[in-house]
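Structure, as structure tokens:
The values are calculated or read from the model by the stated rules, or taken from the named source; none is laboratory data. Remember, predicted model here, so these are calculated numbers, not experimental data. Because the Cβ atoms are built from the backbone with ideal geometry, glycine has one as well, and the counts that use them run over all protein chains shown. Surface accessibility is based on the protein's heavy atoms, side chains included, excluding ligands, DNA and RNA. Shrake-Rupley method; radii C 1.70, N 1.55, O 1.52, S 1.80 Å.
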Amino acid sequence: MIIRPIRVEDAVDINRMRIMSGVREDILGIASERVSDTEAFIRTLTTNDHLLVAELNGTVVGCAGLNVSSKPRTCHMAGVGIMVHADYQRKGIGKALMTAILDIADNWLKLKRVELCVFVENERAIALYRKLGFVVEGTKKNAAIRNGVYADELLMARYGK
């Protein structure tokens, strides 16, 4: 497995992951998303956006992103998100991506706070985030629609050294 920065050519694989069952439910994806939207997203990334992909045998099987706040008073913090192809979950790809993106946050950007939201039912992700030093700060009630119903998310954060 290779972990590397995202490229526009990755849009097809990333879009495929975003709309697949077993991924879309946990990342706020929707089945009608288009590859052109994913390409446009990649093309408009700024210096505050750090996206890494996990590539296996020429196919992108995971992606993690860090978005640093552009506001002067909150530029010490960032949001993080991750997704792993349904067929490659539970193989260490998520941990490897999160470790790599947190290395950027800690050792290159010296961020003081990294935060994320995760659905309360996503126990595997919550366990990974806890292992990586994230703590629960609260619950966002009715945060998003998931499988046709309003679902709660946990707000988790990790504080820099």
Name the residues in region 61-77 that are surrounded by fewer than 22 Cβ atoms within 10 Å (Cβ to Cβ) and either polar (S, T, N, Q) or farther than 18 Å from Ile126 by Cα (or both), would you? Asn67, Val68, Ser69, Ser70, Lys71, Pro72, Arg73, Thr74, Cys75, His76, Met77
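Under 15 Å from Gly65 (Cβ atoms) and either without any contact (Cβ under 8 Å) to a residue 40 or more places away in the chain or of a type in the set (A, V, I, L, M, F, W, C) (or both), is that true of Ala105?
It is true that Ala105 is under 15 Å from Gly65 (Cβ atoms) and either without any contact (Cβ under 8 Å) to a residue 40 or more places away in the chain or of a type in the set (A, V, I, L, M, F, W, C) (or both).
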Taking region 145-157 and keeping only residues that are surrounded by 13 or more Cβ atoms within 10 Å (Cβ to Cβ) and within 16 Å of Asp26 (Cα to Cα), one is left with Arg146, Ala151, Asp152, Glu153, Leu154, Leu155, Met156
Is there any pair linking a residue in region 128-142 that is open to solvent by less than 90 Å² (accessible area, probe 1.4 Å) to one that is small (Gly, Ala, Ser), with Cβ under 9 Å and at least six apart or on different chains, and which? Leu128/Gly94; Phe134/Ala157; Val135/Ala157; Val136/Ala157; Glu137/Ala157
Conditions (1) closer than 21 Å to Leu154 by Cα; (2) not in a loop (DSSP other than H, G, I, E, B): number failed by Gly22: (2)
Across (1) at pLDDT below 95; (2) closer than 21 Å to Leu28 by Cβ, Gly160 clears everything bar (2)
I want to confirm something. Restricting to region 25-48 and keeping residues that are among the hydrophobic types (A, V, I, L, M, F, W, C) and either assigned to a loop (DSSP other than H, G, I, E, B) or touching a Phe, Trp or Tyr at 6+ places or on another chain (Cβ under 8 Å) (or both), which single residue is nearest to Gln89 (Cα to Cα)? Leu28
Answer with yes or no whether Val80 is open to solvent by 40 Å² or more (accessible area, probe 1.4 Å), of a type in the set (A, V, I, L, M) and free of Cβ contacts under 8 Å to residues at least 40 places away in the same chain. no
Kindly list, by first and then second residue, each pair from a residue in region 49-72 that is in a loop (DSSP other than H, G, I, E, B) to a residue that is surrounded by 22 or more Cβ atoms within 10 Å (Cβ to Cβ), limited to pairs with Cβ atoms under 9 Å and residues at least 6 apart or on different chains. Ser69/Ala78
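Answer with yes or no whether Val53 is in contact with an Asp or Glu (Cβ under 8 Å, 6 or more places away or on another chain) and open to solvent by less than 60 Å² (accessible area, probe 1.4 Å).
Yes, satisfied.
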When residues of region 1-30 are limited to those that are small (Gly, Ala, Ser) and either touching an Asp or Glu at 6+ places or on another chain (Cβ under 8 Å) or open to solvent by less than 70 Å² (accessible area, probe 1.4 Å) (or both), the one farthest from Arg124 (Cα to Cα): Ala11
